[in-house]
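Working notes for the structure below.
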Amino acid sequence: MNIEIDPNAGFCFGVVNAINKAEEILKEDNQLFCIGDIVHNNIEVDRLNAQGLQAINHDQFAKLSGKKVLFRAHGEPPTSYETAKKQNIEIIDASCPVVLKLQKKIKKAYQEIKKSNGQIIIYGKKGHAEVNGLVGQTEGKAIVVENTDDLKLVNFSLPVVLFSQTTKTISGFAEISEYLKKECKNSLSINDTICRKVSNRVPLIKDFAGKHDVIIFVSGKKSSNGKLLFDVCKRTNQNSHFITCPDELNMDWFVNAKSVGVSGATSTPTWLMNGTIEKIKLENKNDLSMSKIKKIGVLTSGGDAPGMNAAIRAVVRAAIYNKIEVVGVLQGYEGLIHGDFKKMKSHDVSNIIQKGGTILRSARSEEFRTVEGRKKAHEQMIANKIDALVVIGGDGTFSGARIFTQEFDIPVVGIPGTIDNDLFGTDYTIGYDTAINTVIDAVDKIRDTASAHNRLFFIEVMGRDAGFIALRSGIATGAEAILIPEKETHTQELQKYLEKGYKEHKSSGIVIVAEGDKSGGAYTIAKEIGKEHPEYDIRVSVLGHMQRGGSPSAFDRVTASTLGVAAVEALLDDQKSIMVGIVNGEVSHVSFNKTIKNKKKVKDSLMSLNDILSI
């Protein structure tokens, strides 16, 4: 039995953002209120409740004072913000950016159309939290319609402006629009405000449901999106079943099934879908066939990172443990194209766990970016009877793997190997911890000479698009300032900050600069500061590629070993087009689609921590 998780299923950005914000607060405070359930999934709600998240209604919200309250992705009406201000409530605003943008559009349209006694119509579910927030932008005067029958409430002789709840169907909106076009006697403005990331799931899940013998759809019963998507599944595949948790599975559903698809709503956590898969496999273990994978290949691609060798070692030995042949692919995707393979035995990976770099070597392949190049790689795999791949690298590596999987249906599992730690779906990437320790060691040495000569050092660390290395190493070394791409830095603010430090008799200074900081690299920023303050004895040090080298730390060795074994086990579990990562200390699976499309964010709490400690 082949079991596949829907690569497009699971939390949308707005839900991910809300949950991340809730968890961040709960780590520090152990208590957080939320107006309504943070997500329409009782299992996820229970998980967060155990951490201290408490759902309240608007009446309870109005009676709070001096508390922290999270506004979930659905958004809130203006009255909620007014209540918070009046009651001295700290708002943790996790409103979806798409919803906030829509609220502003509706508010502006209402202010204009009320001059001509016109009407705002919102196509949406009456009483839905998002819809309530939208109606709130119109002083409660918008007309909410769920179907054409509700349009009897509209005065067609007056101007009309139509909007839609972000999660409604395109077809339903089109039906409302056509009706209004026929009936309106005055001006009509139609605004398609449906979120395409949600609406596009309808055709995608239809295709997914048609590919499998049985579909298991995991969702909370309160989820409107879940009901909609399940209906699409059921119409496409009669063997579709709705469950809220793995305990509701009926093993009779899988009799004679060769292919099972597991999907979910935008409010369904990935871990719950993974748990459903594990339950199916556990109950049907005698029917699961893993025999189709006889040989796997492992490669490293993109920039090297300390710990890649430990991951290679784990993949090789996990494959051998499971009686599977394994070959190393030299030079990344270039080697895959040209058939540069090396059969790997257990002794081939002896004495490499402590070594930096990668014994398989790495390269960036322009040819693999082409259809012709990927076709050659596929032909080489067929010729050498390689059934699946484990790829170790970053988002570029995973982008190539995702396309390769889509084109040739090759099972590929990724292991996050990059010192930048910028991959969505894992708390840590291989090499990140070692890179931080390399920076700390270098900065500690520079601090000695900075103190000896009363110098101000600008130290540039790696991080073209992400400031994770700069932020953590800066805190660990007691840097006076940290400049990262995620936060805009104004030179004047930095000057004032440094002036304050020197006035308080600091004998030396360290400013950590991520190479991708928007103000420029360390040399550019140092030059600007030097112009304004020639009295500073400024020096610049660019640490560069030394951060990629060196023996991996214990943490990176254990992380790499854990993920190497997990990658092989994922392939044996018929997983493909996913990355294995570490979330809250546990192995997680996240689709290549999600880890590529979503951006991992630095924690605001760490930025605040540095502000406090650097005074």
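Summary of values
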{"quantity": "Once exposed loop GluC sites (Glu not before Pro) are cut out (DSSP; at most 11 other Cβ, 10 Å), longest piece of the chain", "calculated": "1-365"}
{"quantity": "DSSP-loop trypsin sites (Lys or Arg not before Pro) across the stretch 525-599, with at most 13 other Cβ within 10 angstrom", "calculated": "599"}
{"quantity": "Cα principal axis extents for the stretch 200-252, largest first, Å", "calculated": "29, 26, 13"}
{"quantity": "Computed magnitude of the charge dipole of the stretch 154-248 (debye, nearest 20; Cβ of K, R +1, Cβ of D, E -1)", "calculated": "160 debye"}
{"quantity": "Rg/Rh (Cα only; Kirkwood hydrodynamic radius) as it applies to the stretch 56-114", "calculated": "1.04"}
{"quantity": "Residue-normalised accessible area of the chain, expressed per residue, 1.4 Å probe, Å²", "calculated": "45 Å²"}
{"quantity": "Residue-by-residue Karplus 3J(HN,Hα) for the stretch 561-576, coefficients 6.51, -1.76, 1.60, Hz, glycine and proline x", "calculated": "5, 4, 6, x, 5, 4, 5, 5, 5, 5, 5, 5, 8, 6, 7, 7"}
{"quantity": "Whole-Å semi-axes of the stretch 318-398's equivalent ellipsoid (Cα gyration tensor)", "calculated": "22, 17, 10"}
{"quantity": "Whole-Å distance, taken between Cα centres, linking the stretch 4-35 and the stretch 138-155", "calculated": "33 Å"}
{"quantity": "Over 29 Å (Cα to Cα) - which of 234/294; 125/182; 141/600 fall in this group", "calculated": "234/294; 141/600"}
{"quantity": "Using θ = phi - 60° and Karplus 6.51 cos²θ - 1.76 cosθ + 1.60, couplings along the stretch 96-113 (whole Hz; Gly, Pro as x)", "calculated": "4, x, 5, 5, 4, 5, 5, 4, 5, 4, 5, 4, 5, 5, 5, 4, 7, 6"}
{"quantity": "Counted charge near residue 540, where neighbours are those whose Cβ lies closer than 11 Å (Asp, Glu -1; Lys, Arg +1)", "calculated": "+2"}
{"quantity": "Leading residue at positive end of dipole, the chain (Cβ point charges), from 19, 477, 511", "calculated": "19"}
{"quantity": "Surface share of carbon and sulfur [accessible, 1.4 angstrom probe, percent] for the stretch 80-174", "calculated": "50 percent"}
{"quantity": "Sites matching trypsin sites (Lys or Arg not before Pro) across the stretch 398-492 that sit in DSSP coil, with at most 12 neighbouring C-beta atoms within 10 Å", "calculated": "464"}
{"quantity": "√(5λ) per eigenvalue of the Cα gyration tensor, the stretch 407-475, largest first, Å", "calculated": "35, 10, 9"}
{"quantity": "Radius ratio Rg over Rh of the stretch 504-615, counting only Cα atoms, Kirkwood formula for Rh", "calculated": "1.11"}
{"quantity": "Convex hull (Cα only) mean projected area of the stretch 1-141, reported in nm² to one decimal", "calculated": "10.8 nm²"}
{"quantity": "Distant-in-sequence amide H partners of residue 262 (H built 1.01 Å from N, under 5 Å)", "calculated": "4, 5, 6, 216"}
{"quantity": "Residue 542 long-range amide H proximity, modeled H, under 5 Å", "calculated": "460"}
{"quantity": "222 nm mean residue ellipticity, helices alone, for the chain (DSSP H n ≥ 4; -39,500 (n - 2.57); rounded to 500)", "calculated": "-13000 deg cm²/dmol"}
{"quantity": "Heavy-atom accessible area order for 556, 59, 93, largest first, 1.4 Å probe", "calculated": "59, 93, 556"}
{"quantity": "Amide H contacts of residue 167 (H built 1.01 Å from N, under 5 Å, at least 5 apart or other chain)", "calculated": "195"}
{"quantity": "Radius, Kirkwood style, for the stretch 130-173 when every pair of distinct Cα atoms is counted (Å)", "calculated": "11.6 Å"}
{"quantity": "Student exercise, the chain dipole from Lys, Arg, Asp, Glu Cβ charges, in Debye to nearest 20", "calculated": "940 debye"}
{"quantity": "Cβ-based net charge around residue 576, under 9 Å, with every Lys or Arg adding one and every Asp or Glu removing one", "calculated": "-3"}
{"quantity": "Accessible area of the stretch 528-615 belonging to carbon and sulfur atoms, whole % at 1.4 Å probe", "calculated": "56 percent"}
{"quantity": "Computed accessible area, residue 338, all protein chains, 1.4 angstrom probe, square angstrom", "calculated": "110 Å²"}
{"quantity": "The chain: mean projected area of Cα convex hull, nm²", "calculated": "32.2 nm²"}
{"quantity": "Accessible surface of residue 340 - all protein chains present, 1.4 Å probe, nearest 10 Å²", "calculated": "60 Å²"}
{"quantity": "³J(HN,Hα) computed for each position of the stretch 509-518 - Karplus, 6.51 cos²θ - 1.76 cosθ + 1.60, integer Hz, glycine/proline x", "calculated": "x, 10, 10, 8, 10, 6, 4, x, 4, 5"}
{"quantity": "Accessible-area ranking of 565, 144, 580, largest first, probe 1.4 Å", "calculated": "565, 144, 580"}
{"quantity": "Dipole of the stretch 56-135 [Lys/Arg +1, Asp/Glu -1 at C-beta], most positive-end residue of 79, 109, 60", "calculated": "109"}
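The values are calculated or read from the model by the stated rules, or taken from the named source; none is laboratory data. Predicted model, so just to flag it, every value in this text is computed and none were measured. We place every Cβ from the backbone using ideal geometry, glycine too, and count neighbours over all the protein chains shown. Ligands, DNA and RNA are excluded from the accessible area calculation, which covers all protein heavy atoms including side chains. Shrake-Rupley method; radii C 1.70, N 1.55, O 1.52, S 1.80 Å.
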